[in-house]
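What follows is a single structure, written as structure tokens, with notes after it.
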Amino acid sequence: MLFLRKLYKGNKVLIKHTKYFLIFPMLISTILSAQAQELNVYSHRQPFLINPFLKAFEEKSGVKINIVFASKGLAQRLLAEGKRSPADIVLTVDIGRLYAYVDKNLFAEINSPVLKNNIPSHLRDTKNRWFGLSKRARVVAISRTRVRPEEIADIEDLALPKWKGRVCSRPGSHVYNRALLASIIAAKGEQFAENWAAGLVKNLARRPQGNDRAQVKAIYEGVCDVAIINSYYYGKLKTSKISEQREWAKSIKIIFTNQTNRGNHINISGGGVAIHSKNKTSAVKLLEFLTENTAQDLYGKINFEFPINPKTAPSLEVKSWGAFKSDQLPIEKIAELSSNAQKIIDKVGW
Ligand code: FE
């Protein structure tokens, strides 16, 4: 009997304490869910590039990051997953691709004073859905031996008859070239842009083919004398582990065009928060982190891109290419003009 009474008393104590055992974890999980412990990043950017940033963020925030990497098809995947999507953030390159997410209503509107402060206004969405995270310039590569730098001042020059049979290009319909053509439409109008593209096609040394690196290789091999490439490929080739690629880089110089008028055309890498993210607070923290010094510095050091945040200095290699004036066109315009650009590309057979 005494034993039973003791057992009852003991349980009463246990029951009393159990309340706290139940309440504390609930409190803690409420606090934690406000700041997610895991984030899922859908990335078109290659793991070698983004892993170092994401690691730095994990260390700083204690939030674990899972990456789904795919070179294409992530927008379709987000669409198919709908509300059940585990994605919190999407990272990609080119305004055309960022816009594809906005078009399909896959990005949430974000109100972040940090992002607004770190990213120049012409390189982010006026409706705060996508944000530029790094910059790249589409430059002209010239043969060191067969072309003098003063022979090319503007991108428009590539359509001059003097370059007949001397230009190499990847297909016009690639987003990089489509964006470049859209920037010419924005500056000079559609008719001018069409004449320019037709002139460029007339000057081609061979049918448009290959990626940006392949154009540098073609200059090295003497197939052509000038080509259009994204600036970071120059850094990648110069520092490549493959000695042959370093030779390609040695055979060229890069020219920033339009320095006495609107400035060199630039594009961005960027990202946005997935519309159905369950961890928006942490997702915004990650985007903010990507625009701050640690990550901005890494974009230059690992991939030879320009910082988007004016407070971060370019990496030493990037700096060695020289300061230049970049086109201040609101980059949204390029997305808006992209289908007009594509029509011209189809028409002139670029
Ligand atoms: Fe690229």
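Annotations
- Across q = 0.08, 0.10 Å⁻¹, the chain modelled as identical point scatterers on its alpha-carbon atoms has Debye log10 I(q)/I(0) values of -0.45, -0.64, in the order of the q list.
- Taking every alpha-carbon pair in segment 198-258 and binning the separations at 5 Å intervals from zero gives 4, 18, 30, 24, 16, 6, 2, 0 percent.
- Estimated Rh, segment 49-174: Kirkwood, alpha-carbon pairs, angstrom: 18.5 Å
- Rolling a 1.4 Å probe over the protein heavy atoms leaves ARG206 with an accessible area of roughly 60 Å².
- Mean residue ellipticity, 222 nm, helices only, the chain: the sum of -39500 (n - 2.57) across DSSP H runs of n ≥ 4, divided by residue count and rounded to 500, is -14500 deg cm²/dmol.
- Using only side-chain charges placed at the Cβ, +1 for Lys and Arg and -1 for Asp and Glu, the dipole size of segment 31-103 relative to its Cα centre rounds to 120 debye.
- Annotation: for a label point projected 7 angstrom from Cα along Cα→Cβ of GLU109, residues of segment 125-147 with backbone N closer than 15 Å are 125-130.
- Relative contact order (%) - criterion: Cα under 8 Å, at least six apart; region: the chain: 27 percent
- Radius of gyration and maximum dimension Dmax of segment 198-307, Cα, Å: 18.3, 54
- Positive-pole candidate from GLY62, PHE306, TYR99, dipole of the chain, charges at beta carbon: GLY62
- Listed cross-link partners LYS104/LYS188; LYS164/LYS217; LYS188/LYS217; LYS135/LYS217 are compared with a 22 Å cut-off, the Cα-Cα value being larger for LYS104/LYS188; LYS188/LYS217; LYS135/LYS217.
- A Cβ-based charge dipole, computed about the Cα centre of the chain with Lys and Arg at +1 and Asp and Glu at -1, lands at about 1280 debye.
- In a reduced charge model with +1 at each Lys and Arg Cβ and -1 at each Asp and Glu Cβ, segment 282-321 shows a dipole moment near 60 debye about its Cα centre.
- Amide H partners (placed H, <5 Å) of LEU39, local residues excluded: LYS64, ILE65, ASN66
- Annotation: aspartates and glutamates with alpha-carbon distance below 12 angstrom to LYS162 (same-chain offsets under eight excluded): GLU151, ASP225.
- With θ taken as phi - 60° and the Karplus curve 6.51 cos²θ - 1.76 cosθ + 1.60 applied, the whole-hertz 3J(HN,Hα) list for segment 46-53 is 5, x, 4, 7, 8, 3, x, 5 Hz, x standing for glycine and proline.
- Among beta bridges from DSSP that stay inside segment 116-254, the antiparallel ones total about 75%.
- Cα Rg over Rh - segment 267-350, Kirkwood: 1.08
- Beta bridges by DSSP in the chain, antiparallel share as percent, to the nearest 5: 65 percent
- For segment 220-320, the tally of Lys pairs with Cα-Cα distances below 18 Å comes to 15, considering only residues 8 or more apart or on different chains.
The values are calculated or read from the model by the stated rules, or taken from the named source; none is laboratory data. All figures in this text were calculated on a predicted structure; none of them were measured in a lab. Please note: Cβ atoms are built from the backbone with ideal geometry, for glycine as well, and neighbour counts cover all protein chains shown. We work out accessible area using only protein heavy atoms, side chains counted, and drop any ligands, DNA or RNA first. Shrake-Rupley method; radii C 1.70, N 1.55, O 1.52, S 1.80 Å.
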